[in-house]
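Engineer: Got a structure for you, written out below as C-alpha cells; questions coming shortly.
The values are calculated or read from the model by the stated rules, or taken from the named source; none is laboratory data. Quantities reported herein were computed from a predicted structural model and do not represent experimental measurements. Glycine also receives a Cβ, built like all others from the backbone with ideal geometry; neighbour counts cover every protein chain displayed. Calculation scope for accessible area: heavy atoms of the full protein, side chains included, ligands and nucleic acids excluded. Shrake-Rupley method; radii C 1.70, N 1.55, O 1.52, S 1.80 Å.
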There are 2 protein chains.
Amino acid sequence: MTVIKRNNVRLMGNRTDPVLLFAHGFGCNQYMWDAVASAFSGNTYQILFDYVGSGQSDLRSYSFERYATLDGYAQDILEICEAIGVERDVIFIGHSVSCSIGVLAALARPNLFRDMIFLGPSPCFLNDPPHYFGGFERSDLEGLLALMNQNYVGWAEYLAPVVAGSGNDEQITGELSDSFCSTDPIIAQHFAKATFFADNREDFAKLTVPSLILQHQDDALAGVAVGEYLHKQLKNSQYKLLDVTGHAAHMSHPGLVVSAISEYFTERNIL
Amino acid sequence: MTVIKRNNVRLMGNRTDPVLLFAHGFGCNQYMWDAVASAFSGNTYQILFDYVGSGQSDLRSYSFERYATLDGYAQDILEICEAIGVERDVIFIGHSVSCSIGVLAALARPNLFRDMIFLGPSPCFLNDPPHYFGGFERSDLEGLLALMNQNYVGWAEYLAPVVAGSGNDEQITGELSDSFCSTDPIIAQHFAKATFFADNREDFAKLTVPSLILQHQDDALAGVAVGEYLHKQLKNSQYKLLDVTGHAAHMSHPGLVVSAISEYFTERNIL
C-alpha cells in the first residue's frame, strides 16, 4: 500500500507554483475543501488527502495505536509530503482539529511549512478555568462519546447541523451528516476521543511559522474566545473574524474564506 | 527523489471512478492533455505526468542508458502506477510515441490496462517496403537529427507547425515550439532517436487489450496508411478517422477527441 493510495492523495496544478496542502477536519474528507481549493487553481500546486480512517482512505491501514493521539495524524501529513517529495515552503490550510495536527507536523519538521492558515482552530476543547475556556466540560464530551457509541446515526444527526451552522444551506448539513455516517463508527469514536481530549496549547505557543486564524463569529465548537486566545499565544499570527454561523465556513461561505486567504497571500507575497 | 516528484505526477478526481492515465508525446508535456482531460473531470480519476526528461520532470533522474529505448519510458509508466497504487483496469490515453510506450507497458503488465486510446500512433516511422510505409526514409530521419544537433531552435521551429497542422490556431504552434525549446536539447535528441528508430510493429500485434485508434486525416508524421495498418494488426481495435490536419488533435481539436473517446467509453460501458 503506497502512501498516495492509503491517504487517497490528489495532486493538482503546476509543481513549480506555491504548494497548498489542505487538511480536513474530524468526520470530514478532502472534498469539503473543493470550493476553496478551486478558487486557487491555476496558480498553485494543490495537495488534498484523507487521513487514514477518513474519507476514501484505506481502512486496512488504520491502527488504533498510531491514531490514538493527534501525532499519528501529523505523521500522515509528514509521510504524504515525503511521498510527494515536497520538503519545505508548503502553505498549510487546515480545518478544525487539523489545525492542531498541522502544528504538530510543523514542530516535527520545522521548515516544512512556510505559512499556516487555521480555519476554526481549537487547541483544547476542555475548559481549564480560570484562564482557558475551550467551551466544554469533560462531562459534555463524555456524553457526546457515549451518544456516538449508543446511537451513531443519532450522534451524526445531532452534530452535523451544529458544524454546518443554523441558517446555512441545508445541503451542507446533509453533506456533513453523510460524511459522518460513512465513517467507520469505531474509527470515528477513536478519532473523536483523540480530538476532544487533546490539549495542544503548548504546541501552538511554540509555533513560529507565520499564520492566519480564521475565526467563525458564532461557532458552538470553537468560539471566539478560543480564536482570540490562540491569536495571543501564537508568535506570528493574524486574526480574521468571519461573519459566519457554524464551524465550516469553507463549505458554507467559501467566498469569505477565499477572500481572507487571498488577502493574506497578497500581503505575504505568496501569490 | 520519489516517482511522484520525478515524473511531476498530477492526480485528479475521485479514486473510486474509472482511472484515466494520459501519456504525452515526444517534446510535449502533460498539460497538452488538459483540454481533453478536463472534459472527463467529475466522473473519472485522472493521472497526468511528464516522462523523465520532458516537461517539469526531474532532469537529475535522467539516464542515457535507461531512456535509450522506449522501454525506459514504459518503465516510467509502470513505476508511476506502482507509486500511486493502481494495479489494473486503467484506461490508457496516449499521444504519438506514447502509444508505442503504452503498448510496451501493457505487454509487461498484462492486467494493468483495461482499454487503450491511441491518438496518432505509429509503430514505426521508417518505411519497410513492400508491406509497410511508416512515411520516412532513414536519410529523412537522420537529416532531422542532424538539424536538431546543429540548430536546435531551427529544428523546433520547423517541427512545431508540422505537428500543430497548417490552418490550425497559431497558438498551438507556439505552445509546441515553446515545449520543444524548453526541453534539454541533448535529452530531446536522445528521445528523438529512440522514437524515430523504434519498430514496435510486433508489439502492437501482440496486444489483446481493446483499443481505439484516433487517426488524423492529414498528418505528416503518422499518415492514414499507418493508422489503417495498425487497425488491421491490432486484435481488438476500433478505428476513427478525425477530420484534422496535423498530429495533435488533442490540442487543435479537443472537442473531436473528447466526443470520439466519449462514444467509445459509452460503448465499452466505461462511463
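Engineer: Counting other C-beta atoms within 10 Å, and keeping those with at most 13, which DSSP coil trypsin sites (Lys or Arg not before Pro) do you find in the range A:56-106?
Structural biologist: For trypsin sites (Lys or Arg not before Pro) across the range A:56-106 that sit outside H, G, I, E and B with at most 13 neighbouring Cβ atoms in 10 Å, the list reads A:Arg88.
Engineer: Over what distance in Å are the Cα centres of the range B:62-124 and the range A:58-73 separated?
Structural biologist: Cα centroid to Cα centroid, the span is 35 Å.
Engineer: If you don't mind, another one. For the peptides B:162-171, A:143-152, what is the packing order when you average, over each peptide's residues, the other Cβ atoms within 10 Å and list the highest mean first?
Structural biologist: Highest mean packing first, the order is B:162-171, A:143-152.
Engineer: Also: Ranked from the most accessible area to the least, with a 1.4 Å probe and all protein chains present, what is the order of A:His131, B:His190?
Structural biologist: A:His131, B:His190
Engineer: Given H placed 1.01 Å from N in the peptide plane, which residues other than close sequence neighbours of B:Arg114 have an amide H under 5 Å from its amide H?
Structural biologist: B:Asp89, B:Val90, B:Ile91, B:Phe92
Engineer: Shortest first, in nm, what separates the label point of B:Asp218 from those of the same position in the other copies (7 Å along Cα→Cβ)?
Structural biologist: 6.6
Engineer: Report relative contact order for the range A:168-263 in percent, whole number only (criteria: Cα-Cα under 8 Å, sequence separation at least 6).
Structural biologist: Relative contact order of the range A:168-263: 27 percent.
Engineer: Oh, and also: Say R0 is 25 Å: what FRET efficiency, to the nearest 0.05, do A:Glu170 and A:Leu59 get from their beta-carbon distance?
Structural biologist: Efficiency at R0 = 25 Å is approximately 0.30.
Engineer: On to the next question. So, taking all protein chains as they sit and a 1.4 Å probe, how much accessible area belongs to A:Lys5, in Å² rounded to tens?
Structural biologist: Spelled out: A:Lys5, probe radius 1.4 Å, area about 60 Å².
Engineer: Would the range B:21-116 count as rounded, prolate or oblate if I go by the C-alpha gyration tensor, calling it rounded below 1.5 in a/c and otherwise prolate when a/b exceeds b/c, oblate otherwise?
Structural biologist: It is oblate, given that a/c is not under 1.5 and a/b is not larger than b/c.
Engineer: Put a label point 7 Å from Cα along the Cβ direction on B:Pro185, then list its distances to the equivalent points in the other copies in nm, shortest first.
Structural biologist: Copy-to-copy label distances for B:Pro185: 6.9 nm.
Engineer: Show me, for the range A:50-65, the HN-Hα J-couplings you get by feeding each phi into the Karplus relation (A = 6.51, B = -1.76, C = 1.60, θ = phi - 60°), rounded to Hz, glycine and proline as x.
Structural biologist: Coupling constants for the range A:50-65: 10, 4, 4, x, 10, x, 9, 5, 8, 5, 5, 8, 6, 9, 5, 6 Hz.
Engineer: Given a 1.4 Å probe and heavy atoms of the protein chains only, how would you sort A:Arg138, A:Arg201, largest accessible area at the top?
Structural biologist: A:Arg138, A:Arg201
Engineer: Oh, and also: Among the helices of chain B (complete DSSP H runs), which have Cα atoms covering no less than 15 Å along the helix axis and a Kyte-Doolittle mean of at least -0.5?
Structural biologist: B:70-84, B:97-108, B:138-150, B:152-164, B:170-182, B:185-196, B:254-267
Engineer: A follow-up question, please. Under 29 Å between C-alpha atoms is the cut-off here; go through the protein assembly as shown and count lysine pairs that meet it, provided they're at least eight residues apart or on different chains.
Structural biologist: Going through the protein assembly as shown pair by pair, I get 19.
Engineer: What is the calculated FRET efficiency for A:Ala68 to A:Asp17, with r their C-beta to C-beta distance and R₀ = 22 Å, to the nearest 0.05?
Structural biologist: Efficiency, rounded to the nearest 0.05: 0.05.
Engineer: Let me ask something else. I want to make sure I understand the PRE zone here: with the label point 7 angstrom from the Cα of A:Val224 toward its beta carbon, which residues in the range A:131-147 have backbone N atoms less than 20 Å away?
Structural biologist: A:131-136
Engineer: Output the relative contact order of the range B:1-85, whole-number percent, from Cα pairs under 8 angstrom with separation of 6+ residues.
Structural biologist: Relative contact order of the range B:1-85: 36 percent.
Engineer: A follow-up question, please. 5 Å is the cut-off here: which amide hydrogens, built 1.01 Å from N in the peptide plane, fall below it relative to A:Val244, excluding neighbours closer than 5 in sequence?
Structural biologist: Residues meeting the amide H criterion: A:Gln217, A:Asp218.
Engineer: Distance in nm between label sites at A:Thr266 and A:Cys181, each 7 Å beyond Cα in the beta-carbon direction?
Structural biologist: It works out to 4.3 nm between the two label points.
Engineer: Same structure, new question: Shortest first, in nm, what separates the label point of A:Leu147 from those of the same position in the other copies (7 Å along Cα→Cβ)?
Structural biologist: Here A:Leu147 shows inter-copy label distances of 7.4 nm.
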